[in-house]
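Asks: First, the structure itself, so that you have it in front of you.
The values are calculated or read from the model by the stated rules, or taken from the named source; none is laboratory data. Note that the coordinates shown come from a computational prediction; the quantities given were computed from them, not determined experimentally. Cβ placement follows ideal geometry from the backbone for every residue including glycine, while neighbour counts extend to all protein chains displayed.
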Amino acid sequence: MALRRAVGRMHENTPVDLLVVGLGNPGDEYRRSRHNVGAEVVEILAARHGARLKLEKGLRARADVVRIGSKRVALAVPQTYMNDSGAAVAPMVRRYGVTPEQLVIVQDELDLAPALLKLKAGGGLAGHNGLRSIKAALKTDEFLRVRIGVGKPVSKERGADHVLTGFGKRERAEIDVTLQEAADAVECIAADGIEAAMTRFNTRSA
């Protein structure tokens, strides 16, 4: 999506138009796992828009503020573990002065087939522990979601192991395409709003 890249660094402590948080677990052992696809999307956006994601004082996340089109957008990757995502997201919501409708969570989704992309505004959590933690911290589930399918485990008991594993070669190639599309979807949300983005991306990936 052809949008203007960031021009210089902007002050992080002023309100932004959108806060985009890519969920995952910190540490090299979790990189490129199913649970970390959200963090990968934010890394893609950071590369596209010249962000330098770094630990910010008072935040449990690597973050930076960029401009996407006419909008100021904070990009962030929590440095908490997935189950404690709310402890990172709540301080960022306060720091950047956003409402739940201005918060975009990019996440893995067991209920979607691998590499399927769906956008959603509010609604159920589908058993996702990161979303559950965020809802508990914010006292609302009305934030926006960019959901990336990672497929179901063979049994419910193996769900935790499943999300911590990587993708096979074929799935990885498909996921890499979806991650770029998910970054496009975030840019579309910033430019045109969630309804337009859902119309464009949910239809395309149906």
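Asks: Scan segment 167-200 residue by residue and report those that are within 18 Å of the chain's Cα centre (by Cα) and not in a helix (DSSP H, G or I).
Replies: Gly193, the sole residue that qualifies.
Asks: Please count how many residues of segment 120-150 are under 19 Å from Asp17 (Cα atoms) and outside any loop (DSSP other than H, G, I, E, B).
Replies: 6
Asks: Can I ask one more? Here's a check for you: in segment 11-32, which residue that is of a type in the set (S, T, N, Q) and under 22 Å from Ile134 (Cβ atoms) is modelled with the highest pLDDT?
Replies: Here the answer is Asn25.
Asks: Among the residues of segment 104-114, is any surrounded by fewer than 21 Cβ atoms within 10 Å (Cβ to Cβ) and within 14 Å of the chain's Cα centre (by Cα)?
Replies: Looking for residues that are surrounded by fewer than 21 Cβ atoms within 10 Å (Cβ to Cβ) and within 14 Å of the chain's Cα centre (by Cα), one finds none in segment 104-114, hence no.
Asks: Whether any residue in segment 49-60 is surrounded by 24 or more Cβ atoms within 10 Å (Cβ to Cβ) and among the hydrophobic types (A, V, I, L, M, F, W, C) is what I want to check.
Replies: Of the residues in segment 49-60, the ones surrounded by 24 or more Cβ atoms within 10 Å (Cβ to Cβ) are none.
There is no residue in segment 49-60 that is surrounded by 24 or more Cβ atoms within 10 Å (Cβ to Cβ) and among the hydrophobic types (A, V, I, L, M, F, W, C).
Asks: Filter segment 151-173 down to residues that are crowded, with 17+ Cβ neighbours inside 10 Å and at pLDDT 90 or above, then give me how many there are.
Replies: 0
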